[in-house]
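Asks: Structure provided below as structure tokens; questions to follow.
The values are calculated or read from the model by the stated rules, or taken from the named source; none is laboratory data. Keep in mind the model is a prediction, meaning the values are calculated, not measured. Quick reminder, even Gly has a Cβ in these numbers, built from the backbone with ideal geometry, and neighbours come from all protein chains shown. Each accessible area value is taken on the protein alone, full model and side chains, heavy atoms only, with ligands, DNA and RNA left out. Shrake-Rupley method; radii C 1.70, N 1.55, O 1.52, S 1.80 Å.
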Amino acid sequence: MIQEDDDPKEYRWESGYEKTWEALQEDESGRLEPSVTEMIQRAKRRKLLEREASVRLGIMRHVYLILDLSQAMNEQDLKPTRHICTLKILDDFIKEFHDQNPISQLGIITTQNKMAKRHSDLSNNPQRHLDCIKKMQKMPCKGEPSLQNALEVALSSLRHLPPHTSREILIIFAALTSCDPGEVGATLQKVKEDNIRVSVVGLAAELHVCREITKETGGSYSISINDMHLKQLIDEHLEPPPASVKMDHTLIKVGFPHQINADAKPALCMCHLDDLPLLNTQGYYCPQCTAKYCDLPAECRVCGLMLVTAPHLARSYRHLFPLKHYSEIPLEESSAKLCYGCQKIFITGAADKYVYKCRNCHQVFCFNCDIFLHETVHSCPGCASNPTLSQTPSNT
């Protein structure tokens with residue numbers, strides 16, 4: 001017994017268990033808050049560095065959201081229910097998606113009662129999708145979902161798109177079963193042949209069929225822990241994925257429509273023909289066929305021309321030339337006394353243990369400004385304020 005107690009070798013289940021509490025260290029006053037803050041900052045910084053700037057991205061995206069509305073969405077592990085919580089997250093996701101991907105299109109498909117239904121076609125108009133999400137709040141969740149039927153509905157639309165676009169499917173799945181009319185492997189093979197990337201965000205346990213679908217199509221599969229984690233997992237799909245090697249290189253013809261003046265004749269809006277809009281003079285003319293649209297960006301229903309404005313292309317431009325990562329240096333090695341972005345005075349401690357220096361303008365920023373500039377602004381204020389540096393494309 002003495003020899004067994006003195007044996008320093010741990011059991012397999014003891015050595016394999018990660019003792020996360022050992023990473024928490026008390027400061028001089030006995031508080032754990034600085035240590036927790038540093039761990040959170042490390043995690044955010046690690047996630048930021050995972051984005052590679054040298055990877056070719058598909059910025060012209062066509063994405064279908066497949067939402068599970070089976071009886072599993074009535075569970076209350078997410079408050080008030082999985083159904084309501086997911087719809088609220090998707091409401092914010094749709095707004096942010098169209099803001100960060102202005103020349104991309106989104107569509108919504110639901111699956112319940114062993115069937116799948118397309119609620120909104122691929123479109124640049126976020127309001128159409130938001131109205132669809134609002135109507136889904138009153139829809140009852142019932143029956144079992146069908147992955148195969150949902151994939152077939154999305155496939156029928158995505159397979160006809162031009163090869164230079166990014167074709168994607170994002171599935172929000174809550175059930176533990178899928179009731180399909182046939183072999184889902186046959187549908188998966190067609191999805192793979194048409195170069196469609198499928199990703200799944202699960203609300204319950206991991207499923208083998210979902211893992212295989214994402215593995216074969218080059219997508220991602222993740223399981224949410226709580227509502228905040230679910231929002232984080234869904235928001236990860238705001239950024240364009242790496243372009244497939246099968247994606248063609250081509251020149252895309254776009255049009256810059258002019259706004260109709262007050263002297264123009266009243267005309268119907270092409271983007272709201274289904275709603276029978278009133279005749280008016282407000283909107284934009286397609287420069288190729290003179291069809292009228294009330295909002296941009298849009299794809300002309302008459303001639304198929306992509307209608308955009310200069311700001312839309314500028315917002316997509318940052319995906320091609322993202323802001324370079326700042327160099328992380330200890331505060332002691334920096335001569336800067338305050339952050340160039342928010343003018344915060346650096347204080348020695350866990351919060352300001354490291355500062356971040358731009359490799360071009362050599363200005364120093366705090367952690368919060370580093371994250372904000374790379375995730376939201378996508379531009380360095382130090383480089384932008386320097387006329388010499390701001391003229392270089394790699395610095396914008």
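One line per residue, one yes/no per condition, for (1) at pLDDT 85 or above; (2) open to solvent by less than 40 Å² (accessible area, probe 1.4 Å); (3) not basic (Lys, Arg):
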{"site": "GLN288", "(1), (2), (3)": "yes, no, yes"}
{"site": "CYS294", "(1), (2), (3)": "no, no, yes"}
{"site": "GLU299", "(1), (2), (3)": "no, no, yes"}
{"site": "PRO311", "(1), (2), (3)": "no, no, yes"}
{"site": "SER316", "(1), (2), (3)": "no, yes, yes"}
{"site": "HIS325", "(1), (2), (3)": "yes, no, yes"}
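Asks: Just checking, does segment 204-218 include any residue being part of a helix (DSSP H, G or I) and in contact with an Asp or Glu (Cβ under 6 Å, 6 or more places away or on another chain)? Spell out how you get there, then give the answer.
Replies: Within segment 204-218, the first condition is being part of a helix (DSSP H, G or I), and the residues that meet it are 208-217.
Now restrict to residues that are in contact with an Asp or Glu (Cβ under 6 Å, 6 or more places away or on another chain): none.
Checked against the condition, which is being part of a helix (DSSP H, G or I) and in contact with an Asp or Glu (Cβ under 6 Å, 6 or more places away or on another chain), segment 204-218 yields no hits at all.
Asks: Now, a different point. Return yes or no: is LEU161 in a loop (DSSP other than H, G, I, E, B) and surrounded by 15 or more Cβ atoms within 10 Å (Cβ to Cβ)?
Replies: For LEU161, the condition - in a loop (DSSP other than H, G, I, E, B) and surrounded by 15 or more Cβ atoms within 10 Å (Cβ to Cβ) - is met.
Asks: Taking the condition out of contact with any strand residue (DSSP E or B) (no Cβ under 7 Å at 6 or more places or on another chain) and open to solvent by 50 Å² or more (accessible area, probe 1.4 Å), does GLU239 pass?
Replies: In short, yes.
Asks: Right, something else. Can you pull out every residue in segment 181-196 that is acidic (Asp, Glu) and either part of a helix (DSSP H, G or I) or modelled with pLDDT of 95 or more (or both)?
Replies: Filtering segment 181-196 for residues acidic (Asp, Glu) gives 183, 193-194.
Answer for segment 181-196, where residues must be acidic (Asp, Glu) and either part of a helix (DSSP H, G or I) or modelled with pLDDT of 95 or more (or both): just GLU193.
Asks: Considering every residue within segment 354-362, establish whether at least one is assigned to a loop (DSSP other than H, G, I, E, B) and within 20 Å of LYS47 (Cα to Cα).
Replies: Applying the first criterion (assigned to a loop (DSSP other than H, G, I, E, B)) to segment 354-362 yields 358-362.
Filter again for within 20 Å of LYS47 (Cα to Cα), leaving 358-359.
The answer is yes; a qualifying residue exists.
Matching residues to (1) of a type in the set (S, T, N, Q); (2) modelled with pLDDT of 95 or more; (3) in contact with a Cys (Cβ under 6 Å, 6 or more places away or on another chain):
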position	(1), (2), (3)
THR86	yes, yes, no
ILE89	no, yes, no
GLN100	yes, no, no
SER104	yes, no, no
ILE109	no, yes, no
PRO126	no, no, no
HIS129	no, no, no
LYS138	no, no, no
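Asks: Here's another thing I want to ask about it. Can you find a residue that is more than 27 Å from ALA314 (Cα to Cα) and at pLDDT 65 or above anywhere in segment 8-24?
Replies: Of segment 8-24, the ones more than 27 Å from ALA314 (Cα to Cα) are 8-24.
Now restrict to residues that are at pLDDT 65 or above: none.
Scanning segment 8-24, I find no residue that is more than 27 Å from ALA314 (Cα to Cα) and at pLDDT 65 or above, so the answer is no.
Asks: Being over 23 Å from the mean Cα position of the chain (by Cα), without any contact (Cβ under 8 Å) to a residue 60 or more places away in the chain and over 18 Å from VAL198 (Cα atoms) narrows it down to one of GLN112, GLN137, so name that one. Spell out how you get there, then give the answer.
Replies: Details: GLN137 fails: over 23 Å from the mean Cα position of the chain (by Cα).
The match here is GLN112.
Asks: Please indicate, with yes or no, whether at least one residue in segment 193-216 is out of contact with any strand residue (DSSP E or B) (no Cβ under 8 Å at 6 or more places or on another chain), surrounded by 13 or more Cβ atoms within 10 Å (Cβ to Cβ) and hydroxyl-bearing (Ser, Thr, Tyr).
Replies: Looking for residues that are out of contact with any strand residue (DSSP E or B) (no Cβ under 8 Å at 6 or more places or on another chain), surrounded by 13 or more Cβ atoms within 10 Å (Cβ to Cβ) and hydroxyl-bearing (Ser, Thr, Tyr), one finds none in segment 193-216, hence no.
Asks: Does GLU144 count as in contact (Cβ under 8 Å) with a residue 12 or more places away in the chain, within 27 Å of GLU96 (Cα to Cα) and of a type in the set (Asp, Glu)? Write out each step before concluding.
Replies: On the way: in contact (Cβ under 8 Å) with a residue 12 or more places away in the chain: yes; within 27 Å of GLU96 (Cα to Cα): no; of a type in the set (Asp, Glu): yes.
In short, no.
Asks: For the condition of a type outside the set (S, T, N, Q) and touching a Ser or Thr at 6+ places or on another chain (Cβ under 7 Å), what is the one hit in ILE103, ILE94?
Replies: Values: ILE94 fails: touching a Ser or Thr at 6+ places or on another chain (Cβ under 7 Å).
Just a single option satisfies the conditions, and that option is ILE103.
Asks: Within segment 94-132, track down each residue that is in contact with a strand residue (DSSP E or B) (Cβ under 9 Å, 6 or more places away or on another chain), open to solvent by 10 Å² or more (accessible area, probe 1.4 Å), of a type outside the set (Val, Ile, Thr) and not in a strand (DSSP E or B).
Replies: HIS98, ASN124, ASN125, PRO126, ARG128, ASP131, CYS132
Asks: In segment 211-237, what residues are more than 14 Å from the chain's Cα centre (by Cα) and of a type in the set (Asp, Glu)?
Replies: Listed by number, the residues that qualify are GLU212, GLU216, ASP227.
Asks: Could you please let me know if HIS160 is more than 23 Å from the chain's Cα centre (by Cα) and more than 16 Å from LYS114 (Cα to Cα)? Quick ask: steps written out before the conclusion?
Replies: On the way: more than 23 Å from the chain's Cα centre (by Cα): yes; more than 16 Å from LYS114 (Cα to Cα): yes.
For HIS160, the condition - more than 23 Å from the chain's Cα centre (by Cα) and more than 16 Å from LYS114 (Cα to Cα) - is met.
Asks: Moving on to the next point. Taking the condition of being over 10 Å from TYR293 (Cα atoms), modelled with pLDDT of 75 or more and of a type outside the set (Gly, Ala, Ser), how many residues in segment 252-272 meet it?
Replies: Looking only at that region, the number is 6.
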